[in-house]
Amino acid sequence: MHEFPKDDFRAPVPVIEPGHTSRSLVDKLTSIVLTTHTPVPWFFVVAIAFTFLMVLLMALTYLLAKGIGIWGNNVPVGWAFDIINFVWWIGIGHAGTLISAILLLFKQDWRTSINRFAEAMTLFAVLCAALFPLVHTGRPWLAIYWLFPYPNAMSLWPNFRSPLIWDVFAVSTYGTVSLLFWSVGLIPDLATFRDKAQHPVLKKLFGVLSLGWRGSARHWARYEKAYLLLAGLSTPLVLSVHTVVSFDFAVSVLPGWHATIFPPYFVAGAIYAGFAMVLTLAIPIRALFKLHDFITMRHMENMAKITLVTGMIVVYGYLCEAFFGWYSANEYERFMLKNRIYYGPYAWSYWLLMICNFIVPQLLWSKRLRRNLAVVFVVVMFVNVGMWLERFVIIVTSLHRDFIPGSWDMYYPTIWDFATLAGTIGLFTTLMFLFVRVLPLIAIFEMQTLLPHKSTTTTKPEGAAH
């Protein structure tokens, strides 16, 4: 078989670089956690992220003391930064489940290097998202009564036909299944850490967390059944969760919201934002911990392709939304579209959104640019901003000018709105970098299955049955 030169773009890129044995793979991936020499850039990133986390704590403390009047919310724009950020964070969490569950069911080997920290990203993004409905109520200590449906324990009963109640079921189910899927997948790797750790405290801790895993045939059989079952449960959640989130808007009668295109294009947008965030994290983490052999250009290129495809689906949703508004011949819908796109005070946000989500990602059509990680990183940063702007456009431009001109008003976010957003980014980044330092960021046992047979015959995989 003819082999192309290494720098030829036609040459196949492996999922894992050749030359690794089971022992070298385990030694490399466990050394990231078990080493006493943490890379200096890790401290730099965590210090910045922790600073923003402290800003979040300050903003939430002031919020509880003063109320949501410190935000820019007003009478027409009651949903503002808090709901924008909620939908944005929920969308970011979708790529982890997609990579872990759906690609597992379709037996895509390239998922193995990125699924573990993508699953962690899902959990941390859902945690950041869940924060906003709690504080949006203004009285978080009553949220259990207002957000969770316990009608016989309340004087004010929830409306079970409201998508806001459906959100509680969808997001809590998504978070629970994602946590189970992530924790079950960690068990064999935690057993490997237990066997590799030298410090008695770490050995004991990893031993407890690995739940007595010994790598027997019975353990593997039960593990594979549980893992596959959780993957099957997680798959419909990718579609259902952001579909339910889109119902927050689509079931209303407000111009700009009641659109049947919302469920599929919200799901595509969630996957778009999620893969952009995975690339945002994978590129620096790959360089920081020197994981080029395990997170190869094949992973980067495949994720860039998915980002490009889902981005085109999202843009198609934008076009459908504009066409439906025009074709409906509804004067309110047409006014909203003109206000959003042409002459409204927030028209700048719509066109900035199109630059970020449509124009800039077109660079990914070029294979040479897809393999240039600096270009890819810049593109996905534009996508991260663009997907946040998408939620801003949907919420603010639809609310600030409603049916009654007498109630029109402009929305201006305050410094506390920005502090809360920046603080959740700090919370997310802090949790992610703590995770990669204390737990395996790559699934070790799954990576061992990708090694050539001749590399694994000399050394038994860690945790395998004897």
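LEU369 fulfils the conditions (1) without any contact (Cβ under 8 Å) to a residue 12 or more places away in the chain; (2) open to solvent by 60 Å² or more (accessible area, probe 1.4 Å) except for a single criterion, (2).
Rundown of residues vs (1) within 30 Å of SER22 (Cβ to Cβ); (2) in contact with a Pro (Cβ under 6 Å, 6 or more places away or on another chain), yes/no style:
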residue: LEU288; (1), (2): yes, yes
residue: HIS299; (1), (2): yes, no
residue: THR310; (1), (2): no, no
residue: ILE313; (1), (2): no, no
residue: TYR316; (1), (2): no, no
residue: CYS320; (1), (2): no, no
residue: PHE324; (1), (2): no, no
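Number of residues in segment 141-178 that are open to solvent by less than 40 Å² (accessible area, probe 1.4 Å), at pLDDT 75 or above and not hydroxyl-bearing (Ser, Thr, Tyr) equals 8. When you go through (1) of a type in the set (Val, Ile, Thr); (2) at pLDDT 90 or above; (3) farther than 21 Å from VAL75 by Cα one by one for THR459, which number turns out not to apply? Going through the list (1) of a type in the set (Val, Ile, Thr); (2) at pLDDT 90 or above; (3) farther than 21 Å from VAL75 by Cα, THR459 breaks only (2). Listed by position, the helices (runs of 4 or more DSSP H) enclosed by segment 21-105 that each have at least 1 residues that are within 30 Å of LYS196 (Cβ to Cβ) and of a type in the set (D, E, K, R) are 22-34.
Once segment 387-424 is narrowed to residues that are touching a residue at least 40 places away in the same chain (Cβ under 8 Å) and farther than 20 Å from GLY72 by Cα, the residue that is least open to solvent (accessible area, probe 1.4 Å) is MET387. Which is surrounded by fewer than 22 Cβ atoms within 10 Å (Cβ to Cβ) and modelled with pLDDT of 90 or more, of PHE324, PHE358? On inspection, the qualifying residue turns out to be PHE358. Restricting LYS305, LYS290 to those that are more than 20 Å from HIS400 (Cβ to Cβ) and not in a helix (DSSP H, G or I) reduces the list to LYS290.
Here ARG218, ARG214 are screened, and the one residue that is in contact with a helix residue (DSSP H, G or I) (Cβ under 8 Å, 6 or more places away or on another chain), modelled with pLDDT of 85 or more, more than 19 Å from ARG116 (Cβ to Cβ) and loosely packed, with under 15 Cβ neighbours inside 10 Å is ARG214. Taking segment 318-351 as the range and being closer than 23 Å to TYR412 by Cβ and without any contact (Cβ under 8 Å) to a residue 12 or more places away in the chain as the test, the residues that pass are LYS338, TYR342, TYR343, ALA347, TRP348, TRP351. For LEU434, are the conditions met, namely being out of contact with any helix residue (DSSP H, G or I) (no Cβ under 6 Å at 6 or more places or on another chain) and closer than 22 Å to PHE124 by Cα? Against the criterion (out of contact with any helix residue (DSSP H, G or I) (no Cβ under 6 Å at 6 or more places or on another chain) and closer than 22 Å to PHE124 by Cα), LEU434 qualifies. Can you tell me which residue within segment 244-286, out of those that are touching a Pro at 6+ places or on another chain (Cβ under 6 Å) and open to solvent by less than 20 Å² (accessible area, probe 1.4 Å), is farthest from GLN108 (Cα to Cα)? Restricting to residues being touching a Pro at 6+ places or on another chain (Cβ under 6 Å) and open to solvent by less than 20 Å² (accessible area, probe 1.4 Å), the top hit is ASP248. Please work out if TRP110 is open to solvent by less than 30 Å² (accessible area, probe 1.4 Å) and under 26 Å from HIS242 (Cα atoms). Judged against the criteria, TRP110 is a match.
The values are calculated or read from the model by the stated rules, or taken from the named source; none is laboratory data. Since we're looking at a predicted model, the values are computed, not measured. Neighbour counts run over all protein chains shown; Cβ positions are idealised from the backbone, glycine included. All accessible areas refer to the heavy atoms of the entire protein, side chains included, with ligands and DNA or RNA removed. Shrake-Rupley method; radii C 1.70, N 1.55, O 1.52, S 1.80 Å.
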